[in-house]
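Quick notes on the structure that follows.
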Amino acid sequence: MTHSVSSEMRGDIAVIWIDNPPVNALSFHVRQGIVEELEKAQTQAKAAVLAGRGGTFIAGADIREFGKPIIEPGLPTVLEAVEASAIPLVAAIEGNTLGGGLETALACHYRISSAKAKLGLPEVKLGLLPGAGGTQRLPRLLNDLGDAITIVSSGNPITGSKALEIGLVDGVSEIAVEAAIELAEKVAGQPFEGRCLSKVELTMTAPIKATFDAAEIEVAKRARGAIAPLRALQSVRAAYELPFVDGIKQERAGFVDLVATDQSKALRHIFFAERQSAKPPVNVAGTPRKISRIGILGAGTMGGGIAMTYAEAGFPVTMLEMSEAALDKGFATMEANWSRGIRSGRITAEGVAERMARLSRTTRFEDLGDCDLIIEAVFETMDVKREVFQKLDKVAKQGAILATNTSYLDINEIAAQTSRPEDVLGMHYFSPANIMPLLEIVWADKTADDVLLSALDMAKKTRKTPAISRVGHGFIGNRMLTPYLRQANLLILEGASPEQVDKALTDFGWAMGPISVSDLAGLDIGYKSRKDQDLDDHEKHVYLVADRLVEAGNLGQKSGSGFYEYDPKTRARSENPAATKIIEEVRAELGINTRAIGDEEIVERTMFALANEGAHVLGEGVAQRASDIDVVYNHGYGYPRWRGGPMFYASTVGLPKLAERLVEWSNGSSSQHWNPSDLLMTLAEQGKNFGDFDQEN
Ligand code: 3H9
């Protein structure tokens, strides 16, 4: 017996408890413990219940063990023993029953769940397929093949109630373990061979084949380059094509194969990176402040989205605007945004009303006096921010946290406008703020520890993924955009079309290409910001096409044309002949001899520019970890999750290759802005990567 698995007798029933906090992962000692307790139960009990301590059954295999040699008994061996048990086994499902956890439940002979438990096979989210019978046993159990296909290929969990509906569990009860014991008493001594899913025979028929064919097309399309969902689906198909013993062998081979891929390594990296970025920095101590009421300045797109985020999380919010008309407009937009979900069933009309009731409105700064956290989302200039923070300093109560949503500005300077800079920090949301998961928390020089901890706490309560940045122009995310967009624009000058640049990067896996993103954001934004800066000639040339487009009224999607033309109804994009003409004119004006540019060059130049700037951000201490940068790009910018993030991707390519290219480009014709990062060059020289840097710091 290991201390993480133990058992107790309840009459003739053995209850085997798994106790491996925090999530009861199936680490080696748990697997061994299950086998030992099962053997014991065979001699002492008439039936057994498998249950988890801490309100959760089993959240899956121990992800930290992947990529290391398997120590027997591996999960497939354990589950073979579970199913072959001489006494019937009942799984008592509560909390998270995921991956190997659900596979364990499927190997048991009966399943009882709590209504709120979460059951799923999330392996595809880690670039894997279920490797312990999930793809073989699930379709043998469920009433409808479509449900098995969805569960395996989406990785999304379902509730216990839904599981009952689709035939995944035999019953639902408030206290699953007690109901499971009752069921065990009932089935003790009864034949249960028919409950062994490996014994169920499946036959491939023409309609089933057609279902798989259609699902494969759909899954491949949605995967946007990720390989696991299709592989997982094909493994379900094998359940219909092969006998169980062969199907399970094939499933196992697929799992072993996928575990070794860069995609799975990247997805596991980002899983742990997300959890790491939500943790307080070392040496930051204390407890978060109590936050009950939120104040938001600005009811525009950003302020409205932030208000929706807090109202959705149950917080009362006071919104301040300059005029009643601006408040009317902001409130109408929020209501319309929520109401859009009524038709799809995401929310009810009462739900919308409840959220709206959490919002109150004012045009007077004094009315923010009872707020514990005030987030400013007003016009993005230092003059406006100065004025706002001076006013807030006068009205905010003692201990209130004053946050700015600025995307670029110096938060130390903003904090200095108040008599309490320790209460000031950045909370940088991404548009649309109620949907985008990233919250960049900007830790200013004088921010108090408990203020930083409060922001992390609020991220958790509002279901955002936080990443901490120190103060610096554009913080982590927007700062790195500059060199990325610079390369995208340069590639167009050198001969690529906007479409080609975008396509190379969406093929790489980005949700949108950089040129489409610029059009979506509005080309006038960059234009205005460039006019305020003292740019050198090279930089002016880089953006000459964008500037000319703006000057000719092509502001991007909002004006119907930018680099592309947009259909007013469908927003479908097509080539903009005016842009093509401007591009040709600018190329001629700058005396550029255009050349054919390959997709590989597009990917290398943009992605290496991103990683190089990331390395600067890291070297300067603006980001604490390379993995935080990856989190920022995954959650705020549509970077392909299965590539792990710009820094992880750089390590996959190999830092020596990156270093070599950076040196080559910085010695080349458009050398001005390459500026290879010292940190990157040193790591490359030492044969290290960004993961080593994170571990050492
Ligand atoms: C699998 O099962 C393969 C099989 O098919 C075949 C095998 C042969 N392993 O997220 P939290 C850690 S693949 C190791 O903050 P929450 C996590 O890193 C697996 N560690 O809590 C964190 O550690 P720390 C299929 C794990 O309440 C701590 O636990 N299963 C694992 O917000 C708390 O986590 C999955 O993919 C794990 N499996 O969310 C489920 N899970 O404190 C992955 C968590 O040091 N897990 N940790 O930072 C989850 O989705 C969420 O953790 C869960 C809880 C929903 C369970």
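The values are calculated or read from the model by the stated rules, or taken from the named source; none is laboratory data. All of these numbers come straight from a predicted model, not from anything done at the bench. Here the Cβ is made from the backbone with ideal geometry for all residues, glycine too, and neighbour counts use every protein chain on show. Accessible surface is based on the protein model in full, side chains and every heavy atom, while ligands, DNA and RNA are left aside. Shrake-Rupley method; radii C 1.70, N 1.55, O 1.52, S 1.80 Å.
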Check your understanding: Cross-link list K279/K394; K68/K125; K391/K446; K265/K461: which exceed 27 angstrom alpha carbon to alpha carbon?
Key -> K279/K394; K265/K461
Exercise for review: Just subtract the alpha-carbon distance of T570 and E660 from 0.36 nm times their residue separation and send over the number in nm, one decimal.
Suggested key: 28.0 nm
**Study point:** Accessible area, probe 1.4 Å, largest first, for residues R343, R605, R361
**Key:** R343, R361, R605
Exercise for review: Any chance you could look up the accessible area of E660 with a 1.4 Å probe, heavy atoms only, rounded to 10 Å²?
Suggested key: 110
Point to revise | For the chain, size of Cβ-based charge dipole, Lys and Arg +1, Asp and Glu -1, in debye | key: 1100
Check your understanding: Per q in 0.10, 0.12, 0.15 1/Å, what log10 I(q)/I(0) does a Debye calculation on the alpha-carbon atoms of the stretch 5-259 return?
Key -> -0.43, -0.63, -1.00
Check your understanding: What per residue convex hull volume, in Å³, comes out for the stretch 130-267 when only alpha-carbon positions are used?
Key -> 129
Review point. Taking a point 7 angstrom from the Cα of E193 along the C-beta vector, which residues in the stretch 214-254 have backbone N less than 18 Å away?
Key: 244-245
Review point. How much area per residue is accessible in the chain when the probe is 1.4 Å and only protein heavy atoms are counted (Å²)?
Key: 43
Practice item. Kindly provide the helix-only [θ] at 222 nm of the chain, computed as the sum of -39,500 (n - 2.57) over DSSP H runs of four or more divided by all residues, to the nearest 500 deg cm²/dmol? Key: -15500 deg cm²/dmol
**Study point:** Orientation-averaged projected area, Cα convex hull of the stretch 294-475 (nm²)
**Key:** 9.2
Check your understanding: Dividing the Cα convex hull volume of the chain by residue count, how many Å³ per residue is that?
Key -> 179
Revision key, fill the gap. Of all DSSP beta bridges having both residues in the chain, the percent classed as antiparallel (nearest 5) is 30
Exercise for review: Please sort by residue number the trypsin sites (Lys or Arg not before Pro) in the stretch 375-410 whose DSSP state is loop and whose Cβ has at most 15 other Cβ atoms within 10 Å.
Suggested key: K397
Review point. Taking only C-alpha pairs under 8 Å that are 6+ residues apart, what is the relative contact order of the stretch 496-590 in percent?
Key: 23
Practice item. Kindly provide log₁₀ I(q)/I(0) values, in the same order as q = 0.16, 0.19, 0.21 Å⁻¹, from the Debye equation applied to equal alpha-carbon scatterers of the stretch 496-590. Key: -0.66, -0.92, -1.10
Point to revise | Of all DSSP beta bridges in the stretch 358-515, antiparallel share, percent nearest 5 | key: 25
Review point. For E539 and M382, what is the calculated FRET efficiency with R₀ set at 25 Å and r taken between the beta-carbons, to the nearest 0.05?
Key: 0.70
**Study point:** Interatomic Cα distance distribution for the stretch 418-496, bins of 5 angstrom, percent
**Key:** 3, 14, 20, 18, 16, 10, 7, 5, 3, 2, 0
Revision key, fill the gap. Using a 1.4 Å probe on heavy atoms of the protein chains only, the accessible area for E39 in Å², nearest 10, reads 120
**Study point:** Ranking by accessible area, most exposed first, for M436, M322, M458 with a 1.4 Å probe
**Key:** M322, M436, M458
**Study point:** Over the stretch 1-51, equivalent-ellipsoid semi-axes from the Cα gyration tensor in Å
**Key:** 20, 11, 7
Point to revise | Heavy-atom accessible area order for S431, S627, S651, largest first, 1.4 Å probe | key: S431, S651, S627
Check your understanding: Counting only protein heavy atoms, what percent of the accessible surface of the chain is carbon or sulfur at a 1.4 Å probe?
Key -> 52
Exercise for review: Rounded to the nearest 0.05, what FRET efficiency do M322 and Y408 give with R0 = 22 Å and r taken as the Cβ-Cβ distance? Could you check?
Suggested key: 0.45
Check your understanding: F192: accessible area at probe 1.4 Å, nearest 10 Å²?
Key -> 30
